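Some notes on the structure that comes next.
The values are calculated or read from the model by the stated rules, or taken from the named source; none is laboratory data. Values in this document were obtained by computation on a predicted structure and should not be read as measured data. No Cβ is skipped: glycine too gets one built from the backbone with ideal geometry, and neighbour counts run over all protein chains shown. These area figures cover heavy atoms from the full protein model, side chains too; ligands, DNA and RNA do not enter into them. Shrake-Rupley method; radii C 1.70, N 1.55, O 1.52, S 1.80 Å.
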Amino acid sequence: MIPGARLIILGRQGAGKGTQCVRLSRHYVVPHISTGDMLRAAVREGTELGLIAKEVIDTGGLVGDDTMIGIVDERLGKSDASSRGYILDGFPRTVTQAEALAGITAERPIHVVIDLDVPREIVVERISSRRVCRDCGTNYTSSGDDPRPWICDVCGGDVAQRGDDTPEAVNRRLDLYESQTAPLIEYYGQRGQLVVVNGVGHPDNVFKRLTEVVESRR
Ligand code: AMP
């Protein structure tokens, strides 16, 4: 175990980021901070943030930088993150968010930023068969012959397709990824913080590549 790892995992939606982040967070016993999960929880709870986020998420857009920076600033200030470290998944998604994060983490900088690299054609295919537990966020792959109801092995919650995994919303998200998030690869590359990990292959092999990078950087 590596205490106090502070990681960012970048990558296209559908690159298997969520599953790998859940696995890394169990392996290193650090919180998995997924801004998408936080927003979906706010939508379920009907909070003010949830009301703002719902339409944006459903149409595959991006929630405003100020809102996202506020949420993450608050979350990283909690004691589990400040003492144990964290895995950030889905944040930052814009250079503005990355610049704000550099300020938030000035005293305890991020150890490594990993770009989990999976080509666009492969993620479109993966997303269409992706199913997610509504309660704990565990990802599953549909075989086309799904159990009904589909109960999560981890927490007993409902497993379903995400409302924003429609082809239109997926393509919009991927376009936004290229225009807004891909520039972060250069941003972190220039700062010597980036490692690109091949995200294609069996999940166990991808996980092994990720842990090798984390261990080499700590
Ligand atoms: P994800 O689960 O990471 O794919 O996030 C689902 C949706 O939540 C995204 O398509 C965005 O609409 C929104 N979202 C999550 N994280 C961010 C962020 N850092 N900035 C803006 N919008 C976000």
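The heavy atoms of Y188 present about 10 square angstrom of accessible area, all protein chains included, probe 1.4 Å. A straight chain from T96 to C155 at 0.36 nm per residue would run longer than the Cα-Cα distance by 17.7 nm. For H27, the accessible area of its heavy atoms, probed at 1.4 Å with every protein chain present, is near 90 square angstrom.
Residues C136, C21, sorted by accessible area with the largest first, give C136, C21 [1.4 Å probe; ligands and nucleic acids excluded].
Taking amide H atoms as placed 1.01 Å from N in the peptide plane, the amide H of R162 lies under 5 Å from those of V132, each 5 or more residues away in sequence or on another chain.
When the chain is treated as a Gaussian network with alpha carbon springs shorter than 10 Å, the biggest mean-square fluctuation among D165, D89, D145 belongs to D145. Solvent-accessible area per residue in the chain equals 49 Å², computed with a 1.4 angstrom probe and all protein chains kept.
Amide H contacts of D115: L10, V195, V196, V197, each under 5 Å away and 5 or more positions distant or on a separate chain (H built 1.01 Å from N in the peptide plane; Pro and chain starts excluded). DSSP finds beta bridges in the chain, and of those with both partners inside it, around 25 percent are antiparallel. Note on the chain: with neighbouring protein chains present and a 1.4 Å probe, carbon and sulfur make up 49 percent of its accessible heavy-atom surface. Among the cysteines of the chain, those whose beta-carbon sits 4.7 Å or more from every other cysteine beta-carbon are C21.
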